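Q: One structure coming up, written as structure tokens, with questions to follow.
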Ligand code: SF4
Ligand code: SF4
């Protein structure tokens, strides 16, 4: 991490290392995130209302307030590799709570899209794999085939018998279908996917 290290203990008598990170000039990465998300990152005043309401914050290395600060300080590379962009549930609680009306979930989504575009290795490789399988099944049938999703995910992660208790419970309650189900408009769903793929192929403006 770039920055200047010093000991806060120089002033307060404690051996606690503090790192001062010098802000970079307006970076290309930040401009890309703003273009993709439509949000102004420097509007964030670090009030932390987003993190206080985030149901996934305890599992994130960069909870939403910290993610915003990282972007402000030019630490986009750290955020690209973070687990936070994959553990975000996209529940939008952060955005609803933000007094500056920043759509924080869209900011995290923009970083996630850029991570995918750059082939960035993730700390949450299993979550990334889960997303891919989920989207493939959705593209195929227009809805999620639970058995296919669970089975494919288990096989792809080398744990064929994982969550077997959950599987038995769902089947016994009639909550899991063995038969793949497709929506009638599956062709339209595939057209939507093709359209989004075309949009993603257009890189966001960095200006
Ligand atoms: S709630 Fe909004 S202003 Fe407050 S820290 Fe989060 S993003 Fe920044
Ligand atoms: S959208 Fe993501 S970051 Fe925001 S509150 Fe929900 S889980 Fe947390």
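Q: Among the residues of the range 67-85, are any near ligand 2 (Cβ under 9 Å from one of its atoms) and surrounded by fewer than 17 Cβ atoms within 10 Å (Cβ to Cβ)?
A: Among the residues of the range 67-85, not one is near ligand 2 (Cβ under 9 Å from one of its atoms) and surrounded by fewer than 17 Cβ atoms within 10 Å (Cβ to Cβ), which makes the answer no.
Q: Could you please find all residues in the range 160-180 being surrounded by 12 or more Cβ atoms within 10 Å (Cβ to Cβ) and assigned to a loop (DSSP other than H, G, I, E, B)?
A: 162, 163, 176, 177, 180
Q: Please verify whether the range 53-63 includes one or more residues that are touching a helix residue (DSSP H, G or I) at 6+ places or on another chain (Cβ under 6 Å), assigned to a helix (DSSP H, G or I) and surrounded by 23 or more Cβ atoms within 10 Å (Cβ to Cβ).
A: No; the residues of the range 53-63 include none that is touching a helix residue (DSSP H, G or I) at 6+ places or on another chain (Cβ under 6 Å), assigned to a helix (DSSP H, G or I) and surrounded by 23 or more Cβ atoms within 10 Å (Cβ to Cβ).
Q: Just to be sure before I move on: is residue 10 touching a helix residue (DSSP H, G or I) at 6+ places or on another chain (Cβ under 7 Å) and either within 24 Å of residue 122 (Cα to Cα) or modelled with pLDDT under 95 (or both) in the structure I sent?
A: no
Q: So residue 110 ticks every box in (1) within 16 Å of ligand 1 (Cβ to nearest atom); (2) over 30 Å from residue 46 (Cβ atoms) but one. Which box is left unticked?
A: (2) is the only condition that residue 110 fails.
Q: For the range 85-110, what are the residues that are more than 19 Å from residue 134 (Cβ to Cβ), in contact with a helix residue (DSSP H, G or I) (Cβ under 6 Å, 6 or more places away or on another chain) and part of a helix (DSSP H, G or I)?
A: 93, 94, 95, 97, 104, 106, 107, 110
Q: From the list 46, 58, 120, 72, which one is over 14 Å from the mean Cα position of the chain (by Cα) and closer than 28 Å to residue 154 by Cβ?
A: The conditions single out 58.
Q: Is one or more of the residues making up the range 88-98 more than 18 Å from the chain's Cα centre (by Cα), in the same structural domain as residue 34 (by TED's automatic domain parsing), surrounded by fewer than 16 Cβ atoms within 10 Å (Cβ to Cβ) and within 16 Å of ligand 1 (Cβ to nearest atom)?
A: No, the range 88-98 has no match at all.
Q: Now a separate question. Which of the residues spanning the range 111-131 are free of Cβ contacts under 8 Å to residues at least 12 places away in the same chain and in a loop (DSSP other than H, G, I, E, B)?
A: Within the range 111-131, just 119 meets the criteria.
Q: Across the range 181-201, what is the total count of residues that are within 27 Å of the chain's Cα centre (by Cα) and in a helix (DSSP H, G or I)?
A: 14
The values are calculated or read from the model by the stated rules, or taken from the named source; none is laboratory data. Predicted, not measured: the structure shown is a model, and the values here were computed from it. Neighbour counts are summed over all protein chains in view; Cβ atoms, including those assigned to glycine, are modelled from backbone coordinates with ideal geometry.
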